[in-house]
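None of the figures in this text is laboratory data; all of them are computed from the coordinates on show. Quick caveat, the model's predicted, so the values are computed rather than measured. Here the Cβ is made from the backbone with ideal geometry for all residues, glycine too, and neighbour counts use every protein chain on show.
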Amino acid sequence: MTRLRYFLLLLVIVIASAPTLAASAEAEARVLDYIRTHLQPGQPLRVTELYNQVFTKPDERQALNKLYNAFFRIPLFVANYQKNYNTPPSLAVISEQFDLHTPDAADTLLRVMETDPRVPRFLTRDPKTGEITHVDVESIESDPRFGQALARQIGGFDGNPAPDLTLTRLGGGDLHLADLRGKVVLLEVWFTGCPPCMQEAPALVSLDRELSARGLVIVGANDDRNLGLDYDDSVRQRYVQERHILYPIVNWSKESDQAYGGIAIFPTLFLIDRKGTIRSHWIGYVEPQTLREATSAALSQH
């Protein structure tokens, strides 16, 4: 896809969602402003108190839910990113991954982590810019809340049976992963508006068109609901139509997210062979040739 087509598609999604996005951004800004002014060093942020006593409007509670979900995923994301790219993510990259409206939002969540005794001290940041300069991956790996999930995300899937899934399709009905046994399944977990996910989509559409007759089934699992994003099905359906996606799109569930280690970087892809074993696991954008070679190899084995 040309850059112009990519830009036009992104523009269509943004324009169609403009009223919702504006309201969401305003609510998120109100929540973040409150958090910035009420941070207390050494004191955890009590989300239940904010939810019950401070933010009573539906849009504010939606924003708070999204920020809460991001708060507990960011350590895994940062560690994954450091492991995969050998450099810390920027504030802009963190904002992009969690659909935050500005890098300042990512900075605020990192400040919360730095003051919260429940979170291991895993970051060193530039005092002037706020950008991360060092990530202590070992401190995240050794923390009981994050370590097991991080170990699975980085290398604990290949060669293991794929956990079974029952997921609701976009438009209704269920998809059962067990029903696809005998097929090669490429499972992609993504969210609406995710630039790397949009970059990946043309390769998946191409693979579906070229290899579905040989037994490849691509499943696009959308994580908007778990992330607390307020896109509705009409936005997701419009995205599917604009990208000419014919493979099934489903809603990723909390249960599935737990079974697959808690997705922290998007997109995340799992290649499952005909026997239901995970053959490959990718975190982040994957080059089309890599996907084509891996899926073709899996299809060649019976």
* To do: State, to one decimal in nm, how far the label point of Asp158 lies from the label point of Arg225, with both points 7 Å from Cα in the Cβ direction.
  => 3.3 nm
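Set the Förster distance to 35 Å, then compute FRET efficiency between Thr129 and Arg46 from the Cβ-Cβ distance, nearest 0.05. Working shown, then result.
Values: r = 29 Å, r/R0 = 0.84.
It comes out at approximately 0.75.
At 27 Å minimum axial length over the Cα atoms and a Kyte-Doolittle cut of -0.5, report the qualifying DSSP H helices in the chain, or say none.
Values: long enough: 18-38 (30 Å, -0.03); 58-85 (38 Å, -0.64).
Once both thresholds are applied, what remains is 18-38.
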* In the neighborhood of Asp232, defined by Cβ-to-Cβ distances under 15 Å, what is the net charge if each Lys or Arg adds +1 and each Asp or Glu adds -1? -> -2
* Are any of the pairs Lys57/Lys254; Lys66/Lys183; Lys66/Lys275 more than 27 Å apart by Cα-Cα distance, and if so, which? -> Lys66/Lys183; Lys66/Lys275
* To do: Starting from the Cα of Lys83, draw a straight line to each of the aspartates and glutamates and keep only those under 19 Å, dropping any in the same chain fewer than 8 residues away.
  => Glu96, Glu131, Asp136, Glu138, Glu141, Asp143, Asp158, Glu287
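One quarter of the convex hull surface, Cα atoms only: what value does that give for the range 159-300 in nm²?
Values: hull surface 30.2 nm².
Averaged projected area of the range 159-300's Cα convex hull equals 7.6 nm².
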* FRET efficiency estimate (nearest 0.05) - Cβ-Cβ, Leu299 to Lys57, R0 45 angstrom -> 0.30
* **Percent RCO, i.e. relative contact order, over the range 203-293, from Cα pairs under 8 Å lying at least 6 residues apart** => 25 percent
* Roughly how many Å is it from the Cα centre of the range 229-274 to that of the range 30-99, as a whole number? -> 22 Å
* To do: For an R0 of 35 angstrom, estimate the FRET efficiency from the Cβ-Cβ distance between Thr115 and Glu242 and round to the nearest 0.05.
  => 0.25
* Asked: Hey, which aspartates and glutamates would be in cross-link range of Lys128, C-alpha to C-alpha under 17 Å, not counting anything within fewer than 8 residues on its own chain?
  -> Asp104, Asp107, Glu114
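So if the hydrodynamic radius of the chain is defined as the Kirkwood radius over C-alpha pairs, what does Stokes-Einstein give as its diffusion coefficient at 25 °C and 0.890 mPa s, in µm² per second? Numbers along the way, then the final one.
Details: Rh = 20.2 Å.
Taking Rh from Cα pairs, D becomes 121 µm²/s.
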